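Heads up: the structure comes next, in structure tokens.
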2 protein chains.
Amino acid sequence: MLDKHAADVVQLMAGIGRAARAAARPLAIAPTSAKNAALDAMADAILRNEAAILEANAIDMTNGVEAGLAGSFLDRLKLTPARIRDMAEGIRAIAALEDPVGRVIVAWQRPNGLEIERVRTPLGVIGVIYESRPNVTADAGALCLKAGNAVILRGGSDSANSSAAIHACLVEGLKAAGLPEAAIQLVPVTDRAAVGEMLKGLDGNLDVIVPRGGKSLVGRVQTEARVPVFAHLEGICHLYIDRSAELDMAVTIAVNAKMRRTGICGSAETLLVDRAVAATHLVPVLDALAAAGCEIRGSEEVVAAFPAAKPATEADWRTEYLDAIISAKLVDGVAGAIDHIETYSSHHTEAIVAEDQAAAERFFNEIDSAILLHNASTQFADGGEFGMGAEIGIATGKMHARGPVGVEQLTSFKYRVRGSGQTRP
Amino acid sequence: MLDKHAADVVQLMAGIGRAARAAARPLAIAPTSAKNAALDAMADAILRNEAAILEANAIDMTNGVEAGLAGSFLDRLKLTPARIRDMAEGIRAIAALEDPVGRVIVAWQRPNGLEIERVRTPLGVIGVIYESRPNVTADAGALCLKAGNAVILRGGSDSANSSAAIHACLVEGLKAAGLPEAAIQLVPVTDRAAVGEMLKGLDGNLDVIVPRGGKSLVGRVQTEARVPVFAHLEGICHLYIDRSAELDMAVTIAVNAKMRRTGICGSAETLLVDRAVAATHLVPVLDALAAAGCEIRGSEEVVAAFPAAKPATEADWRTEYLDAIISAKLVDGVAGAIDHIETYSSHHTEAIVAEDQAAAERFFNEIDSAILLHNASTQFADGGEFGMGAEIGIATGKMHARGPVGVEQLTSFKYRVRGSGQTRP
């Protein structure tokens, strides 16, 4: 790791931006075979360099322990032979995805004979700013490459050695396939100023930023970035149990939506139960959640019906616990659920359990969140579960990408118009 | 027109933003029939209030003449009964467009039975900042409404009275259909500070800005906006005549691409001719352009072959003339054309004339502009010509909207997932 003064960092980052932009054009027209050859060579290099990666990771782990990092943080940082194999397999899975570049999205003909098609193109240069999960280096680098984009990776300082060792394997893969090395660059300094330069857009050489990490990182990027951002700040996801819900299904989905994994963005944070079925549905659902180890924070009515619940405060409706805690409230039917969700949701993912199709359609139409589910768990909010392959994250913005951001969402498009000499009258 | 101090403008604009956001939700779920009823009522109101609109316009024209505005400016400002009829018909044409909101873009099923669909939703609140073409008030207001968006219109101060009279008709239409009046707001002050507030995003209540006007307006918006912008700064469009081009077609397309209308963004500004056919194609094409009244600014080789041409300077390759002037240069085949275009283009629209399909495909693949045409005039770069109906402009950015920005490009999307009790393993 270099240690640089601010002016040096500005210069360094500007150079990285220029190199990325220069790499973007050959990448944009690189054939699928070259991109896949690079990805396969990257996976090979990662497996071949397992020892070196583990050694680099051991340095990061030692530093992390000395720095007193939390256990959960160290767990995310730690690499094992199995995790390295997963990383290589993840890259091969990205190679196996259909190449989005050049794909015709829609085509039509005009009365004057012009044939128009909208085809996918790469976006250009993507910046990925992430915390200390070293595997993001491989995942994000591979995904951006598949979509024909150059990428600038800025990993957390705590995983700097691990990321550098992985990055070296990616560069080996690029070289093996004859693609520009600057297609995947890792920022070689840990100064926070480097992030600041990326947020300013590197003199127009950065087209979009994807932050991967906790709320403070994403919040900083969303607030300060002068370029578009694909991200979600938080996933305050709701599960609504309608009066028409089958009780068994409601119980099963509630437990899965909250408890399958509590630390992911698609985990349910608030349970809304239709007041019309409070007598029959509320307690069984809460019983099942409590039995699974979940703490309940309820509205007054909920606490009255389920005394084991703690009283919820206004802040609870706005909190992404990312933990075995759920807030719970009675609402007046689907209209009440929609009102609550439109007030408190982070517009990530919401689910309704209902047999009444009209209630489900109303929920689908009137709630403006990236993902809405009917009779399914909120934990399906994931690009892999959507069949989109690997994802670089989930976006709650409305511009360009929304929901899972996979290889297709990392593209733009252009129009191709074929004529036979047409002029405009 | 009010005259306000800066703090008042900040407050005023914040209130406009809040009102727009509040209107956006009912608008987003308004049925197609209500939106179309509002549009029809707007068209009726415009026709019914012809006298009032002409009277307001007469005030703007008198002020404009007194202020010494240029003739072309006054021509754009002037309304006539025919122009008012066109405005009303334009609104009816927007009513006739298919409603994009709720349209399923793509649908698929997962092995676990989940049915996933991506459906169009409104974007939210759109800001339109335009110069003194009063008809933009009607066009932009109607187009945003059709896509279910609230819109904040900020027209030029020189057309303030005309825009206000037209806006009153739009509000009449909204009221007649029971839609919120704040769905289409016209900023009632002419302070430049109002624009500044819009560029800052009105506390998150503005989702995208569309500037409509000259380069200085668009440049300011692109540089200062903290929200996404749909725009093109300029249209430095190229026409390339390949060695395989049919001479007659090349001549016809060149004259049309440059001279049909010289003041539109899709007008060709640079002619590139394959050196291999310099002897046969260059002079006839330039002769035809000159005969049509076009000034030629050529590279040394072009001037040698066509002495009536003036010598081009480096600046000519970077200039959008918007006038009866074209720059001209010989290039080494399609590769040379691509190099020149990728260096100098504004990535708006480029055309190739060629019988060689491989040359055309290479041109299509390797040039990263919003619109590419083969054997057709660059002047087809227009949403109407694309069959997309009315457009609010043409965008050269790569995020979200690119090329003509019509009603579909003014939408976002969400995912609807239908299950039968699925939980994630």
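Results, tabulated for the structure shown:
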| read-out | value |
| --- | --- |
| Gap separating the Cα centres of region A:34-55 and region A:212-238, nearest whole Å | 30 Å |
| Position B:Ala7, label points 7 Å along Cα→Cβ, spacing to each other copy in nm (shortest first, one decimal) | 4.2 |
| Antiparallel bridge percentage (DSSP; both residues within the protein assembly as shown; nearest 5) | 25 percent |
| Computed FRET value (nearest 0.05) for A:Ala168 with A:Ala58, which takes r as the C-beta separation and R₀ as 22 Å | 0.85 |
| Ascending list, in nanometres, of distances separating the B:Ala291 label from those of the other copies (7 Å, Cα toward Cβ) | 9.0 |
| Ranked list, fewest to most other Cβ atoms within 10 Å of each Cβ, for B:Asp191, B:Asp203 | B:Asp203, B:Asp191 |
| Relative packing of B:26-39, B:56-69, B:126-139, which averages over residues the other C-beta atoms within 10 Å, highest first | B:126-139, B:26-39, B:56-69 |
| Region B:237-380, relative contact order in percent, only Cα pairs under 8 angstrom and at least six apart counted | 34 percent |
| Helix B:135-146 vs. chain B, principal-axis angle (Cα, 0 to 90°, nearest 10) | 70 degrees |
| Average other protein chain Cβ within 10 Å of Cβ, residues B:406-415 | 4 |
| Under 11 Å from the A:Gln222 label point (7 Å along Cα→beta-carbon), backbone N, region A:392-425 | A:395-398 |
| Residues of type lysines that B:Lys175 reaches as a straight line, Cα spacing below 16 Å, ignoring anything fewer than 8 places off in the same chain | B:Lys35, B:Lys146 |
| Whole-number percent relative contact order across chain A, with pairs defined as alpha carbons under 8 Å at least 6 apart | 19 percent |
| Partner lysines for A:Lys258 [C-alpha distance under 24 Å; skip if fewer than 8 residues away on the same chain] | A:Lys215, A:Lys310, A:Lys329, B:Lys414 |
| Rounded tilt (10° steps) of B:357-366 against the dominant C-alpha axis of chain B | 50 degrees |
| Antiparallel bridge percentage (DSSP; both residues within region B:283-425; nearest 5) | 15 percent |
| Degrees, to the nearest 10: A:50-66 long Cα axis against longest axis of chain A | 60 degrees |
| Estimated [θ] at 222 nm from DSSP helical runs (n ≥ 4, -39500 (n - 2.57)) normalised by residues in chain A, nearest 500 | -13000 deg cm²/dmol |
| Built amide H within the under 5 Å cut-off of A:Leu373, gap 5+ | A:Glu350, A:Ala351, A:Ile352, B:Val417 |
| Charge sum, other residues only, whose C-beta stays under 15 Å from A:Pro425's C-beta, Lys/Arg counted +1 and Asp/Glu -1 | +2 |
| Copy-to-copy label separations for B:Pro311, where each label sits 7 Å from Cα toward Cβ, in nm and ascending | 8.7 |
| The protein assembly as shown shape via C-alpha gyration tensor axes, a/c threshold 1.5 | oblate |
| B from A by rotation - nearest chain A beta carbon to the axis, in Å | A:His400, 2 |
| B:Asp242, A:Asp8 arranged by Cβ crowding within 10 Å, fewest neighbours leading | A:Asp8, B:Asp242 |
| Exercise: per-residue mean of other protein chain Cβ atoms within 10 Å, A:218-228 | 1 |
| DSSP beta bridges in chain A [antiparallel fraction, %, rounded to 5] | 30 percent |
| Per-bin percent of Cα-Cα distances, chain A [20 Å] | 25, 48, 25, 2 |
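Any read-out appearing in this document is the output of simple, stated calculations on the displayed coordinates, not a laboratory observation. Here the structure is a predicted model, which is why all the values come from computation and not from measurement. As a convention, Cβ positions derive from the backbone with ideal geometry for all residues, glycine included, and neighbour counts pool all protein chains shown.
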